[in-house]
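Chemist: My questions will all concern the structure given below.
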Amino acid sequence: MAFAFIFTQYLNDNGGDALRYWTLTADTSQNAQTWTEHWGHRTFFIQWLNYIPSKILNLNFLTGNLLYAAAAFIGIRILYKSTFNYISNGTSTKTLIFLIWIFCFPNLHFWTAGVGKEALLFTAIMLALEAFNRDKINLFLALIAILLAWWIRPITGAILALTCFISFILNKNNSLLHRNIALGLFLILGGLAAYKLTIMMHLEEYSWQAFLDFSGQQMAFLQNLNANSEIPMQDYNALQKTYALFLRPDWTDVTNFWTFAAAVENTTFILLIAVATFSYFKHKTFTLPKTITWGLFFGLSMMLIYAFTLNNLGIITRMKSTYMIFFYIATAFVIFAIDKHSKVCQSTDLP
């Protein structure tokens with residue numbers, strides 16, 4: 001909630017999409033005058049959500065940021081409980097403190113603490129992943145979460161649905177009948193979603209060349225924004241793309257306090273990877289909560305998409321705020337060789 005005030009100050013000083021989302025001017029191509037006329041995907045959906053609190057109730061921008069931060073907190077709390085409920089009662093205090101420290105990494109909190117897509121997307125992601133990976137699946141909640149993600153950012157909703165589907169199919173606790181039913185539904189709904197994405201992306205055919213053409217158009221569009229943080233992603237090889245998506249901005253990109261903060265977080269992640277690698281070869285044992293495992297799958301899938309569609313460090317930093325926390329938590333489980341070997345904590349045992 002504190003970051004909502006930081007986010008408000010940053011946007012007031014630097015401007016940004018969040019202000020236009022709140023004033024319903026981020027995309028006016030629909031010439032919407034009424035609440036129902038704002039309905040649509042992506043920016044239109046956010047403006048539709050903001051219509052009543054902003055235009056009807058006349059709430060100010062700070063209040064809007066607090067509302068979105070409260071929505072994002074639901075997702076953060078779900079992830080927090082999922083992580084700590086998995087840890088055994090014998091886990092050391094230093095391990096608990098280390099995990100709590102990871103939950104304080106700023107990029108997640110900054111971008112989810114204000115009006116925008118990331119706040120709602122993060123909570124939708126957590127609701128869906130947790131609903132599908134409980135002992136008893138909450139299918140209704142998962143579908144609502146996936147639909148929310150789809151309306152906010154269709155490609156994210158599609159990848160989230162794919163992640164949940166694969167986790168369901170591979171879960172041996174689900175009967176063969178239920179898995180076959182899920183397969184049939186996914187083929188039908190997935191086909192409809194793929195067709196819708198084809199229209200949104202203006203793809204004339206399903207082919208690698210068509211995707212590359214779309215990638216080039218997307219890169220050209222972002223280049224026209226003349227952002228100071230543009231990078232030549234289209235010229236990068238696979239290793240350079242991976243580095244840019246995971247670990248930039250780095251120290252060569254620092255131009256102000258915000259890029260400095262991003263560089264500190266990314267450098268910390270490099271250290272976590274190094275220590276985790278050493279720890280793995282030392283202990284060779286660790287387990288992950290299912291929610292974290294599938295969060296990693298979701299994050300890697302999104303990064304594969306972003307490798308061909310993003311060439312701006314500012315946008316990359318914002319986009320990855322919804323899933324990098326899964327990678328951070330995973331390194332902690334490897335570093336401390338966390339293994340679910342005894343009775344897990346209950347909610348009242350949470351630090």
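Chemist: Looking at segment 19-61, which of the residues that are aromatic (Phe, Trp, Tyr) and assigned to a loop (DSSP other than H, G, I, E, B) is most open to solvent (accessible area, probe 1.4 Å)?
Modeler: The residue in question is 39.
Chemist: Turning to a different aspect of this structure: Would segment 112-129 turn up any residue that is in a helix (DSSP H, G or I), under 20 Å from residue 15 (Cα atoms) and open to solvent by 20 Å² or more (accessible area, probe 1.4 Å)?
Modeler: Looking for residues that are in a helix (DSSP H, G or I), under 20 Å from residue 15 (Cα atoms) and open to solvent by 20 Å² or more (accessible area, probe 1.4 Å), one finds at least one in segment 112-129, hence yes.
Chemist: What are the residues in segment 75-103 that are open to solvent by 60 Å² or more (accessible area, probe 1.4 Å) and not hydrophobic (A, V, I, L, M, F, W, C), if any?
Modeler: Residues satisfying the conditions are 77, 81, 89, 90, 93, 94.
Chemist: So which residues in segment 62-74 are surrounded by fewer than 18 Cβ atoms within 10 Å (Cβ to Cβ) and hydroxyl-bearing (Ser, Thr, Tyr)?
Modeler: 63
Chemist: A further question on this structure: Please specify each residue of segment 45-79 satisfying the condition of being touching a residue at least 40 places away in the same chain (Cβ under 8 Å), among the aromatic types (Phe, Trp, Tyr) and touching a Phe, Trp or Tyr at 6+ places or on another chain (Cβ under 8 Å).
Modeler: Scanning segment 45-79 gives 45, 61.
Chemist: Which condition number in (1) within 25 Å of residue 73 (Cα to Cα); (2) not in a helix (DSSP H, G or I) is the one that residue 309 fails?
Modeler: Tallying (1) within 25 Å of residue 73 (Cα to Cα); (2) not in a helix (DSSP H, G or I), residue 309 fails exactly one: (1).
Chemist: If the Cβ limit is 6 Å and pairs must be 6+ apart or interchain, which residue in segment 268-284 that is over 22 Å from residue 104 (Cα atoms) pairs with which residue that is outside any helix (DSSP H, G or I)?
Modeler: Every condition considered, the pairs that remain are 283/337.
The values are calculated or read from the model by the stated rules, or taken from the named source; none is laboratory data. What you see is a predicted model; the values in this text were computed from it and never measured. So basically every Cβ, Gly included, is an ideal-geometry build from the backbone, and we count neighbours across all protein chains shown. Protein only, heavy atoms only, side chains kept; ligands, DNA and RNA dropped before computing areas. Shrake-Rupley method; radii C 1.70, N 1.55, O 1.52, S 1.80 Å.
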